[in-house]
Amino acid sequence: MADDDDDTSSLQTNPLDTGKLQHGCNHYRRRCKIRAACCNQIFTCRHCHNEYTNALENPKERHEIIRHEIKQVICAICNTEQQVAQICTNCGVKMGEYFCGICNFYDDDISKEQFHCNDCGICRVGGGTNYFHCEKCGSCFDVRLRDNHTCIGNSLKNHCPICYEFLFDSIKSATIMACGHAIHLDCYNELINQDQYRCPICSKSVSNMSSTWQRLDQEIEATVMPEEYRYEISILCNDCHNTSKAFFHIFGHKCGHCKSYNTRRIGTADALERRT
């Protein structure tokens, strides 16, 4: 028991851990602030900087920080300004339990399992063993997507199609839809909760819809349209991009090639010809 008490006491009095998890902002727990090289102002983190500068009244003054250009930090414990480093040169405190000298990034909350991806050139969260870097997409993805996603060059170097936040360096998790386009995971889940199954960018189905298509088959078979609505229309499939003809129905129109109901009507010539 004495040894355990000694270990706990040693941990509590370790100068490196002074103030740990007690300083920071809404984005990160850290024991330092950064001086932005772009405007020479002091902020707790790059997100705090970007939120402030992007809200400036004058559009010409709006800008975002380049994390790799940060040269100076200010210790939150002793207020000493110094060059970027993990340990304060004055009071000896560890300014971030996780520290990356490439990204100039500090975070005391290591439960996020931060890691630096050399190929991405930035730090990410979630544990390095849980992610892989896709060379074609140009970003890290969950290992479950290895050999299981459609590659689109630099897919994450775009804005989320729902919230329009830039995906590549977002602090929120992103995922790849079946079509290959990227989206925030939270935005994707909200899309599904709203019964929206089409990609907001290309309109392809975002997941396997076979069970939904089977249910539509049954509903259409059980619902006979009135005689005056029994005519063919031309349709374009959003999934396979082929055109075909289908009998008009209020529940949907099935692609004659891939059997998807993710289709759209093209033209009105069919109906006009039927009426003349």
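No value in this document is a laboratory result; all are computed from the given coordinates. Here the structure is a predicted model, which means the values were calculated and not measured. Methodologically, a virtual Cβ is constructed for each residue, glycine included, from the backbone with ideal geometry; neighbour enumeration extends over all protein chains shown.
Report Rg/Rh for the chain, rounded to two decimals, where Rg is the Cα radius of gyration and Rh the Kirkwood radius. It would help to have the intermediate numbers written out before the result.
Details: Rg = 27.1 Å, Rh = 23.0 Å.
Value, to two decimals: 1.17.
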HN-Hα J in Hz across segment 140-157 - Karplus 6.51, -1.76, 1.60, θ = phi - 60°, x for Gly and Pro: 8, 9, 3, 4, 5, 8, 4, 6, 9, 8, 7, 7, 10, x, 6, 4, 7, 8
Residue of Ser111, Ser203, Ser139 that the Gaussian network model of the chain assigns the largest fluctuation, springs spanning Cα pairs under 10 Å: Ser111
Among Cys199, Cys137, Cys39: highest mean-square fluctuation, GNM of the chain, C-alpha pairs under 10 Å: Cys39
Theoretical ellipticity at 222 nm over the chain - DSSP helices of four or more residues, -39500 (n - 2.57) apiece, nearest 500: -5000 deg cm²/dmol
Lys pairs, the chain - Cα-Cα below 15 angstrom, 8 or more residues apart or on other chains: 11
For the chain, built as a Gaussian network whose Cα springs stay under 10 Å, the top-fluctuating residue of Leu145, Leu156, Leu56: Leu56
Dipole magnitude of segment 11-109, debye to nearest 20 (Cβ charges: Lys/Arg +1, Asp/Glu -1, about Cα centre): 120
